[in-house]
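Here is the structure we will look at.
The values are calculated or read from the model by the stated rules, or taken from the named source; none is laboratory data. All figures in this text were calculated on a predicted structure; none of them were measured in a lab. No Cβ is skipped: glycine too gets one built from the backbone with ideal geometry, and neighbour counts run over all protein chains shown.
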Amino acid sequence: MSFVLYNAPQSTCSQKVRICLWEKGLPFTEKKLDLFKGDQLTAEYKQLNPNGVVPTLLHDDEIIIDSSVIIEYLDELFPEVPLSPATPIGRAHMREWLRFFEEVAAPAVRVPSYNRVFLRHFQAMTDEEFIAFGESKPLRKDFFLKMGRKGYSDDEMRQAESRLAMTIERMERRLDDGRPWLLGEYSLADICIIPVIIRLNDISMSHLWSAQRHVGAWFARFQEREALQKSFYFGSLLSEQYGDIEVNKPVS
Ligand SMILES: N[C@@H](CCC(=O)N[C@@H](CS)C(=O)NCC(=O)O)C(=O)O
């Protein structure tokens, strides 16, 4: 049995899958794509993943796309290290978190990530090249072209911040009863959101959660997990790739 993960070191969706693979103790080969050169947009890669995004998992001859689908697939396949509640209702509650994070936090964190860090990749392009790059993105065309060469507006940044703050407040309320993890036991719900919280530190936005005591304790607990440390190898943080960005120290 073999696993090949097409992903990018800094991609939060990829980080989710790396954490899950390490938690399960599954060896995998990592293929790193350069998302700013457009490795994810080649015809060859789109045969694997027609959405033109990472991650994609190859399990022997099977292709699985979408980070949350991949982590649920791995969890079903290898239940010996359970990362989901045992009961249907418990799993339903876990999926509520997964869908909420995908709908709210995952799109929101892209806005400051692009504005503060990724925008620079497109500065040297001509307008025609920029539009052609955007047009070649099956899923992210509108998001990308809306950003334009100047980045998202202050208003869009404020909306993204408020969606991230809402996510963190909801986590804080859930953790309020002294439970160590979102569902009590450690699960895919925790794995799904930790890369976003790490990203907030990395782009100097930890003020969104530094006052949240329970989220802070949850974060500190996560730092002790070997799977997290292994998944965040050097180059996974934007501050490791881009020397000039301002970083917040992890809050603990
Ligand atoms: N719902 C998808 C979203 C994947 C996604 O947006 N991946 C980003 C990196 S985190 C990407 O590949 N972006 C490349 C692009 O926008 O061209 C998943 O969770 O796998």
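Here are some notes:
- Members of segment 39-67 that are β-branched (Val, Ile, Thr), more than 7 Å from the ligand (Cβ to nearest atom) and either more than 19 Å from the chain's Cα centre (by Cα) or assigned to a loop (DSSP other than H, G, I, E, B) (or both): Thr42, Ile63
- So Leu35, is it within 12 Å of the ligand (Cβ to nearest atom), at pLDDT 95 or above and under 25 Å from Gln241 (Cβ atoms): yes
- Residue tally, condition within 21 Å of the chain's Cα centre (by Cα), touching a residue at least 12 places away in the same chain (Cβ under 8 Å) and not in a loop (DSSP other than H, G, I, E, B), over segment 68-94: 9
- When Arg99, Arg149, Arg140 are screened for being over 25 Å from Lys32 (Cβ atoms), under 16 Å from the mean Cα position of the chain (by Cα) and of a type in the set (D, E, K, R), only Arg99 passes.
Results for (1) of a type outside the set (Lys, Arg); (2) farther than 13 Å from Val196 by Cβ; (3) assigned to a helix (DSSP H, G or I), shown as yes or no for each residue.
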| residue | (1), (2), (3) |
| --- | --- |
| Leu98 | yes, no, yes |
| Val111 | yes, no, yes |
| His121 | yes, yes, yes |
| Ile131 | yes, yes, yes |
| Lys146 | no, yes, yes |
| Asp155 | yes, yes, yes |
| Glu169 | yes, yes, yes |
| Asp176 | yes, yes, yes |
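- Residues that are touching a Phe, Trp or Tyr at 6+ places or on another chain (Cβ under 7 Å) and either touching a residue at least 60 places away in the same chain (Cβ under 8 Å) or closer than 15 Å to Ala106 by Cα (or both), drawn from segment 168-197: Ile168, Leu182, Ser187, Ala189, Asp190, Cys192, Ile193, Ile194, Ile197
- If you filter segment 122-158 down to residues that are surrounded by fewer than 18 Cβ atoms within 10 Å (Cβ to Cβ), touching a residue at least 40 places away in the same chain (Cβ under 8 Å) and within 24 Å of Ser206 (Cα to Cα), you find that the one that is farthest from the ligand (Cβ to nearest atom) is Met157.
- The lone criterion from (1) within 13 Å of the ligand (Cβ to nearest atom); (2) part of a strand (DSSP E or B) left unmet by Glu30 is number (1).
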